[in-house]
Amino acid sequence: MGYQERTTPAPQLAIRIAAFGIIAFGVFAVLFLRLWFLQVLQGDQYVREATSNGARIVRTAAPRGMILDRDGNALVSNRVEVVVALRPESVPEEDRTKIADWGQKQGTYDVARAKLADGFVARSRAREAARIADRTPAQRRRIEQRQALETPAQAKARATAEAARRERVLSSADRRAGRQLRRTGPRDPRTLTLRRDASPELTALLRRFSTPLQVSAARLYRRVVLNVVKLPYANVPLKSSDIGAGQRNYLLERQSSFPELAIGREYRRFYPGGGIASQLYGNIGEIGKSQLREAKYAGLRAGQRIGQDGLEFEYNAFLQGKDGYDEVEVDAQGRPTGRNTPHRPVQGRSVKLSIDSRLQRAGERAIADVIKGGLDSKTGYRAAGSFVAIDPRNGELLADGSYPEVDLNKINDPNLDRRTYGRLVGRKAGVPLYDRASRGQYAIGSTFKIVTALAGLSTGLVTPQSRDEGGRCLKVGAREFCNAEKADLGTSNLRRALQVSSDVYFYAIGRDIYKKPKQPLQSWARNFGYGRKTGVDLPGELPGVIPDRAWREKRNAEELACRKKKKVADCRTVADVNGQFLTGDSINLSIGQGDFLATPLQVATAYSGLYDARGSYTPDLHIPTPHLGMEIQLPDGRLDKRFNAPARRRVPIPDASWKRDILNGLHDVTSTPAGTGGKLFSGWDQGAFPVYGKTGTAQRCADSVCPDQAWFAAMVPDPERPIVVVATVENGDYGATTAGPIVCRMLRDWYRQSPKTAACDAKQGSVNSAE
């Protein structure tokens, strides 16, 4: 066998191995003891904690993005409020049932009363129309003669008295409806009160909250009723304003004493300007079931709030933020353990508009000064009007206003009751949230004459130099079509006909063009953009109406279909189901009346088509697409997206001189004493800022029993700051005396003209100011 030599380890190595073994044994001993301690001694405790603790998700609605004017000033922002709300499950089922029953009865009663009142008003107006129709020709002549001799003050007094009479008719109809319903039903349900109607459980609950919230229990009950009627299974806001830090901390520290309350923060829309451009923004409300199924709302949950109308709806995808939430750990009794994992909400992006706040305020002040809160002689409700200002180069809307207006901070109060809300925004208040600029459809009177002019020139019926026969009226068959106030304006060529607004000149075009093929008057109206939506970035825009043969036939067919469906003799949508579009209809259309309808925004867009920068004349029309949105900004103010203005639509004009002839006539309107707007723009610096304008009036009532609707359209082709401004006053009478001053004052503000030289006052008037 072989032999192997063995060596003995050195003493130092043995010592090291022994030390390492001792250390390793100690470490493992500590780990073992700690594991035994956790598993055996404290295992049951941790099991209990793990099974009893949970997490609650408390969501925080994200602040929406701001809406800014063109200079970056906030038109719509957010205000953080502490909200103390009653959890919906805390409202007893007995109270919930009673409140729901009351709400249903109240809604039924309100609808029935409004329907009855409308019927009484309709019958009153029918009797009035019949009385007017029964007047003999001699009686009508005497009334016309008497009104023709009235001074402006007497005419205004007559209109005011007529408006007051109509207001009395409305009030009387409402009272009659109430009396009839008391006899026949449904009865007006009594208002629910805490003492009489609340359950003992809810009464005790609200009285317990009354002291810490510093709100009476009766008032808290009214808030419960109003909110349960509107949103039965949502939190009921009990208090959302005037909550100080001390009051908030008191409730937070005693959540175990008030488990029925939800205390959180909420971002509410705040309007720094109050009512400025109030009709543009729209409202915000909880997303509906049908909306949750739409692709554009993917990712949103029930209960979240979205834009429901106006700009809030149009730009909701940008304004909508990302909601935050807190993961609050609670024990088995629902008490917070103190562990909280916050996830902050992300604010929505901001939308920058083309609106110029200074110009917007100038327009709102001017229209308020003109209307002065009066009543409309036709409707008996608040008198109304609208204005639009647009940059003709790119379609940017510089101002867009409706009157009357309302302070949005008032109507967005969560504790506002339904009747007060209705009083602020209803028909009697003039429907201040209705955007008359893009949704108000009206006859536009003589502002339409630029369309008729091009239609007459293109068909060869007139030339710029040819003159009409003049006179007070144009007789067609047995009917006469007359100038305003039957004034004899003498003979006119195109330029003078626009300057003095000769109806007879354009009546003749309307009469003769009726025989031309392909309805050229309607075709030119469409070229200017009438009868179609402008494409503005606002929901609910209306297209207006261009009456023609096909339109009349369609209306007749709809009336017959309505009669058949409803099994009635007359649906009253047309006067005659066999009626046709005749010569008289074409004559009325030639001055923007009859069945023709357009919006103020369409008028502004049409006049923008005439724009050419001074020194760069082109013979064609260039129609812009009006728009409000300019860019999207991130929450920190950085640019996210810029919207490019659509290219202007070009409309060729056969003769290069025609547009210049029309522009010359429009300039004469404001720059000469004989022009219908000459007195209004007396003192204006026409050399620096030439104004091309047109007055207009449109009849609203038969036999002139109420003032006409007033219009004024103006375009200033300034190379640096061009603008088109259009204003209308529904109960306005003459264009130069009511709508004109609104336009003039807006232009004065835009170009920083002095009120001393540009007074914008046409009250003295004359015969040719009737347009």
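Here are the criteria: (1) surrounded by fewer than 18 Cβ atoms within 10 Å (Cβ to Cβ); (2) modelled with pLDDT of 85 or more. Tell me which single one PRO88 does not satisfy.
For PRO88, the exception is condition (2).
Enumerate the pairs (first residue in region 576-600 and closer than 13 Å to THR697 by Cα; second residue anywhere and in a loop (DSSP other than H, G, I, E, B) and aliphatic (A, V, I, L, M)) with beta-carbon separation below 8 Å, excluding pairs fewer than 6 apart on the same chain, so at least 6 apart or on different chains.
Listed by first residue and then by second, the contacts come to GLY592/ALA443; GLY592/ILE444; GLN593/ALA443; GLY594/ALA443.
I'd like the residue in region 137-186 that is not aliphatic (A, V, I, L, M) and not in a helix (DSSP H, G or I) and, out of all such residues, is least open to solvent (accessible area, probe 1.4 Å).
Only one residue fits best here, namely GLY185.
Restricting to region 648-685, what's the tally of residues that are open to solvent by 10 Å² or more (accessible area, probe 1.4 Å), assigned to a helix (DSSP H, G or I) and in contact (Cβ under 8 Å) with a residue 24 or more places away in the chain?
Within region 648-685, residues that are open to solvent by 10 Å² or more (accessible area, probe 1.4 Å), assigned to a helix (DSSP H, G or I) and in contact (Cβ under 8 Å) with a residue 24 or more places away in the chain number 7.
How do the pairs read when you match residues in region 356-377 that are farther than 30 Å from LEU170 by Cα with residues anywhere that are open to solvent by 30 Å² or more (accessible area, probe 1.4 Å) and basic (Lys, Arg), using Cβ under 9 Å and keeping only pairs 6 or more apart or on different chains?
Pairs that qualify, where the first residue is farther than 30 Å from LEU170 by Cα and the partner is open to solvent by 30 Å² or more (accessible area, probe 1.4 Å) and basic (Lys, Arg), are ASP356/ARG70; SER357/ARG70; ALA362/ARG745; ALA362/ARG748; GLY363/ARG745.
Can you go through SER466, SER446, SER458 and tell me which one is open to solvent by 20 Å² or more (accessible area, probe 1.4 Å), over 27 Å from VAL169 (Cβ atoms) and touching a residue at least 60 places away in the same chain (Cβ under 8 Å)?
None of the others qualify; the one that does is SER458.
Quick check: is even one residue across region 517-531 among the aromatic types (Phe, Trp, Tyr), open to solvent by less than 50 Å² (accessible area, probe 1.4 Å) and within 30 Å of LEU353 (Cβ to Cβ)? Lay out the reasoning, then the answer.
Quick first cut of region 517-531, residues among the aromatic types (Phe, Trp, Tyr) only: 524, 528, 530.
Now restrict to residues that are open to solvent by less than 50 Å² (accessible area, probe 1.4 Å): 524, 528, 530.
Of the ones still in play, those that are also within 30 Å of LEU353 (Cβ to Cβ) are 528, 530.
Within region 517-531, one or more residues are among the aromatic types (Phe, Trp, Tyr), open to solvent by less than 50 Å² (accessible area, probe 1.4 Å) and within 30 Å of LEU353 (Cβ to Cβ).
Those residues that are assigned to a helix (DSSP H, G or I) and open to solvent by less than 40 Å² (accessible area, probe 1.4 Å), I need them from region 203-222; list them, please.
Listed by number, the residues that qualify are THR203, LEU205, LEU206, PHE209, SER210, PRO212, LEU213, ALA217, LEU220, TYR221.
With the requirement that a residue be closer than 19 Å to ARG721 by Cβ, open to solvent by 20 Å² or more (accessible area, probe 1.4 Å) and in a loop (DSSP other than H, G, I, E, B), what does region 391-411 give you?
ARG393, ASN394
Give me the residue from region 412-443 that is at pLDDT below 95 and assigned to a helix (DSSP H, G or I) and, out of that set, surrounded by the most Cβ atoms within 10 Å (Cβ to Cβ).
For region 412-443, the residue satisfying everything is VAL425.
Just a yes or no: is a residue in region 586-595 surrounded by fewer than 19 Cβ atoms within 10 Å (Cβ to Cβ) and farther than 30 Å from LEU494 by Cα?
no
Suppose we filter THR191, THR203, THR211, THR184 for residues that are more than 32 Å from the chain's Cα centre (by Cα) and at pLDDT 90 or above; which single one remains?
Working: THR191 fails: at pLDDT 90 or above; THR211 fails: at pLDDT 90 or above; THR184 fails: at pLDDT 90 or above.
That would be THR203, the only listed residue that is more than 32 Å from the chain's Cα centre (by Cα) and at pLDDT 90 or above.
List pairs: first in region 746-758 and farther than 14 Å from PRO690 by Cα, second open to solvent by 30 Å² or more (accessible area, probe 1.4 Å) and outside any loop (DSSP other than H, G, I, E, B), Cβ under 9 Å, 6+ apart or cross-chain?
Sorted first by the residue in region 746-758, then by its partner, the pairs are ASP749/ARG358; ASP749/ARG361; SER754/ARG748; PRO755/ARG745; PRO755/ARG748.
Please state which one of ASP640, ASP636, ASP612 is under 32 Å from the mean Cα position of the chain (by Cα), within 27 Å of VAL536 (Cβ to Cβ) and open to solvent by 50 Å² or more (accessible area, probe 1.4 Å).
On inspection, the qualifying residue turns out to be ASP640.
Within region 192-202, which residues are crowded, with 16+ Cβ neighbours inside 10 Å and part of a loop (DSSP other than H, G, I, E, B)?
Passing the criteria: LEU192, ALA198.
Residues are listed down the side, and each one gets a yes or a no for (1) modelled with pLDDT under 95; (2) open to solvent by 10 Å² or more (accessible area, probe 1.4 Å); (3) not in a strand (DSSP E or B):
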position: ALA714; (1), (2), (3): no, no, no
position: ASP718; (1), (2), (3): yes, yes, yes
position: CYS744; (1), (2), (3): no, no, yes
position: ALA758; (1), (2), (3): yes, no, yes
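Of the residues PRO189, PRO232, only one is touching a residue at least 24 places away in the same chain (Cβ under 8 Å), closer than 30 Å to GLY119 by Cα and surrounded by fewer than 17 Cβ atoms within 10 Å (Cβ to Cβ); which?
Testing whether each residue is touching a residue at least 24 places away in the same chain (Cβ under 8 Å), closer than 30 Å to GLY119 by Cα and surrounded by fewer than 17 Cβ atoms within 10 Å (Cβ to Cβ) leaves just PRO189.
Looking at region 698-712, which of its residues are in contact with a Gly (Cβ under 9 Å, 6 or more places away or on another chain) and assigned to a loop (DSSP other than H, G, I, E, B)?
From region 698-712, those in contact with a Gly (Cβ under 9 Å, 6 or more places away or on another chain) are 698-699, 707-712; that's our starting set.
Those that are in contact with a Gly (Cβ under 9 Å, 6 or more places away or on another chain) and assigned to a loop (DSSP other than H, G, I, E, B): GLN699, PRO707, ASP708.
The values are calculated or read from the model by the stated rules, or taken from the named source; none is laboratory data. These numbers were taken from a predicted model, which means no experiment stands behind them. Every residue, glycine as well, gets a Cβ built from its backbone with ideal geometry; the counts of neighbours run over all protein chains shown. Areas reflect the complete protein model, heavy atoms only, side chains present, ligands, DNA and RNA absent. Shrake-Rupley method; radii C 1.70, N 1.55, O 1.52, S 1.80 Å.
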